[in-house]
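Structure, as structure tokens:
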Amino acid sequence: MPTPISTAKRAQIEQSFAAQTMMTTMQAQINELAQGHCVLQCPIVESLRQQHGFGHAALTFALGDVAAGYACLSMIEDGMEVLTAEMKINLLSPCTGGPLRAVGKVVKAGRRLMITQAEVFAHQDGKEVLIALLQGTMVPVPGD
């Protein structure tokens, strides 16, 4: 069972998420938050498709990156934020169906670097299909 986060940390994450205009464009929402864990969901909106009609890889990447980032933010001290230092993605299947669900988790939380992963799923033909794996490094930075 995931460890809950404080009300203040939840408010910080929700405020940060609301300020991300790209997440608004994607119609993304936070579904779950716990210590070292974040689940986001969004539809595959028509304006975010590539030339073959699939959801664009940038959509998949953005959702996974943000889920991973908020998983990290859930574990750091108040007044700090995180920035992505690097992120690798493996696209496993076309981004079709919908909605997308990204599950971010912290692998290792250090003071200077945080290693994180995300899995992105799409609902296709009545089942959830893993369409991407991401792994990366987040850097804690002072908040504004």
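The values are calculated or read from the model by the stated rules, or taken from the named source; none is laboratory data. Please read these numbers as outputs of a predicted model, since none were measured by experiment. For neighbour counting, all protein chains shown are included, and Cβ atoms are generated from backbone atoms with ideal geometry for every residue, glycine included.
General remarks:
- THR3 vs. criteria among the hydroxyl-bearing types (Ser, Thr, Tyr) and either farther than 23 Å from VAL139 by Cβ or in a loop (DSSP other than H, G, I, E, B) (or both): yes
- LEU100 being surrounded by fewer than 15 Cβ atoms within 10 Å (Cβ to Cβ), aliphatic (A, V, I, L, M) and modelled with pLDDT of 95 or more: no
- The set of residues in the range 80-131 being part of a loop (DSSP other than H, G, I, E, B) and either hydroxyl-bearing (Ser, Thr, Tyr) or on the phi > 0 side of the Ramachandran plot (or both) consists of SER93, THR96, GLY97, GLY98, ASP125, GLY126.
- Residue within the range 7-26 that is touching a residue at least 60 places away in the same chain (Cβ under 8 Å) and within 18 Å of LEU134 (Cα to Cα) present: no
- VAL45 without any contact (Cβ under 8 Å) to a residue 40 or more places away in the chain, surrounded by fewer than 19 Cβ atoms within 10 Å (Cβ to Cβ) and hydrophobic (A, V, I, L, M, F, W, C): yes
- Filter pass, CYS38 being under 15 Å from the mean Cα position of the chain (by Cα) and part of a helix (DSSP H, G or I): no
Results for (1) closer than 20 Å to PRO94 by Cα; (2) among the small types (Gly, Ala, Ser); (3) modelled with pLDDT under 95; (4) buried (at least 19 other Cβ atoms within 10 Å of the Cβ), shown as yes or no for each residue.
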residue	(1), (2), (3), (4)
ALA18	no, yes, no, no
THR21	no, no, no, no
MET26	yes, no, no, yes
ARG49	yes, no, no, no
LEU59	yes, no, no, yes
